[in-house]
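These notes concern the structure reproduced below.
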Amino acid sequence: QIEYFITNYTNGDITDYQAAALIMAIYINGMDEDEITDLTLAMANSGDILNLSELGIVVDKHSTGGIGDKVTLILAPIIASLRIPVAKMSGRGLGYTGGTADKLESIPGYNVVLEEKEFIQNVKEIGISLITQTANLAPADKKIYALRDSINCVVSIPLIASSIMSKKIASGADKIVLDVTYGSGAFMKREEDAFALAEEMVTIGKNAGRQMHTLITDMDQPLGYAIGNALEVKEAIATLNGSGPEDFTELVLALGSRMLIAGKKAEDVASAEKMLRQSIQNGDALRKLEAFVKAQGGTGEEVSHPEKLPAASMQIAVPSPQSGYISHIQCDEIGVCSLLLGGGRETKDSVIDLSVGLELKKKVGDYVEKGETLAVLHANDQEKAGQAEERFLRAYRFSETQPPKRPMIFGEI
Ligand code: URA
């Protein structure tokens, strides 16, 4: 029955209104283990299943999403520089969450749409290619995701798990590292839900014969300081130059070490982290970034001259309304600010402004004096900047005492 639904919804014989009824029933009632696995496999089989076996051990990585998440931009060249092939398909942002494909497009000339053959050829030649999903990769997910978005049925463990895992299975890697985010900027706002989602995806992956490594990580405030496409590429380049934000570097090392262990390049986390740091320190990862940008149509010059990336015409400092410690940042609201500035899509067809976004100056736990800068808005439109500033200030909360530090990693499966 599940296969029948997926086949006929993908080919258009089942209508959106019929599918919406089923999706909402799943959203309300959940699914059992077998149903989720069957749904995932039917969605994966709705299009091509890539065969990457000629590339050797390929380790894929996927995050359940968040704000300021530029991990792939750094991790992919590091991993490729350590001789694990990276053949990765990344999504575009939708709503307030960012997508790696959009971030890459802020590099002038970079082409995220390659034919499957060229994609695999690039991986063979330079060890890495990053593109956006091909049209025929899990097409059922594309339709169901858009439908879920339009009927507000996105946040559901069976639907998220099947959506992500169908794409991972179809994109061909047999070892998968997942970053399941939890907090105010993630789909999972409660720790127990993040663990349940992680367990679910691990079970599906194992049932489909994939080797799974999963971390449950913090997304209660933006990752790093930059939010917005070109701004995040700049921060990624800074990180590959060894001057990345602490939280962000910690997450890159944690996920990267699991990828090296899965790819049989390291025995344990400590030795893997050493290799990852070395790849940053000796410049290999930065050179790999330059190489794959060139292979995909860019000049690569932004890697040594990030000031050549698109820049907004206005930089507006947002002063703190009071003194105190930052006790909380409502992370999804920061994503909305970037969207209001023009950095995200309101609908799937919106054209985004790659240059806009936010550069945070203060994060949770920092002390701020009244009038000191909390963030700089990068904007091209005064009115949009005004709306974003108002929203931004509502996302910050203050306290007289320093709040306890949240861990970056909450668990591992
Ligand atoms: N990412 C996906 O690909 N699908 C979801 O449902 C949520 C996050």
Given bins 10 angstrom wide, list per bin the percent of all Cα-Cα distances in segment 260-370, short to long.
11, 22, 27, 31, 9, 0
Under the rule that an exposed site lies in a DSSP loop and has at most 13 other Cβ atoms within 10 Å, name the longest stretch of the chain with no trypsin sites (Lys or Arg not before Pro) of that kind, not counting the sites themselves.
84-189
In bins 10 Å wide, starting from 0, what share of all Cα pairs of segment 23-70 does each bin hold, as a percent?
17, 29, 38, 14, 1
Sorting VAL113, VAL86, VAL351 by accessible area (1.4 Å probe), largest first, what list results?
VAL351, VAL113, VAL86
Computed for the chain: size of charge dipole around the Cα centre, +1 on C-beta of each Lys and Arg, -1 on C-beta of each Asp and Glu, debye to nearest 20, value 780
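Based on the mean of other Cβ atoms within 10 Å per residue, sort peptides 71-80, 131-140 so the most packed one is first.
Those peptides, ordered most packed to least, come out 71-80, 131-140.
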Centroid-to-centroid separation of segment 274-297 and segment 225-242 [C-alpha atoms, Å]
14
Amide H of GLY343: which non-local residues (sequence gap of 5 or more, or other chain) have their own amide H closer than 5 Å, using H built in the peptide plane?
ASP353
Put HIS378, HIS62 in order of accessible area, largest first, 1.4 Å probe: what do you get?
HIS62, HIS378
Range in the chain, longest, excluding exposed GluC sites (Glu not before Pro) [loop by DSSP; at most 11 other beta-carbon atoms within 10 Å]
116-266
Students sometimes get this wrong: rank PHE119, PHE410 by accessible area, probe 1.4 Å, all chains present, largest first.
PHE410, PHE119
Within the accessible area of the chain (1.4 Å probe), percent carbon and sulfur:
48
If you count only protein heavy atoms and use a 1.4 Å probe, how large is the accessible surface of MET188, to the nearest 10 Å²?
10
Over the Cα atoms of segment 33-106, how large are the radius of gyration and the largest Cα-Cα distance (Dmax), in Å?
14.8, 41
Once a ≥ b ≥ c are taken as the square roots of the eigenvalues of the Cα gyration tensor of segment 194-235, is the result rounded (a/c under 1.5), prolate (a/b larger than b/c) or oblate (a/b not larger than b/c)?
prolate
Accessible area in square angstrom per residue, segment 155-237, 1.4 angstrom probe:
24
Which percent of Cα-Cα pairs in segment 316-395 sits in each 5 Å bin, short to long?
3, 16, 27, 24, 15, 8, 4, 2, 0
Write down, largest first, the equivalent ellipsoid semi-axes of the chain in whole Å, where each equals the square root of 5 times an eigenvalue of the alpha-carbon gyration tensor.
32, 26, 21
For a test of the definition: using alpha carbon positions, the gyration tensor, and the 1.5 limit on a/c, classify segment 162-292 as rounded, prolate or oblate.
oblate
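The values are calculated or read from the model by the stated rules, or taken from the named source; none is laboratory data. All of these numbers come straight from a predicted model, not from anything done at the bench. Cβ: placed from backbone, ideal geometry, glycine included. Neighbour counts: every protein chain shown. Remember, those area values only see protein heavy atoms, side chains included, never the ligands or the DNA or RNA. Shrake-Rupley method; radii C 1.70, N 1.55, O 1.52, S 1.80 Å.
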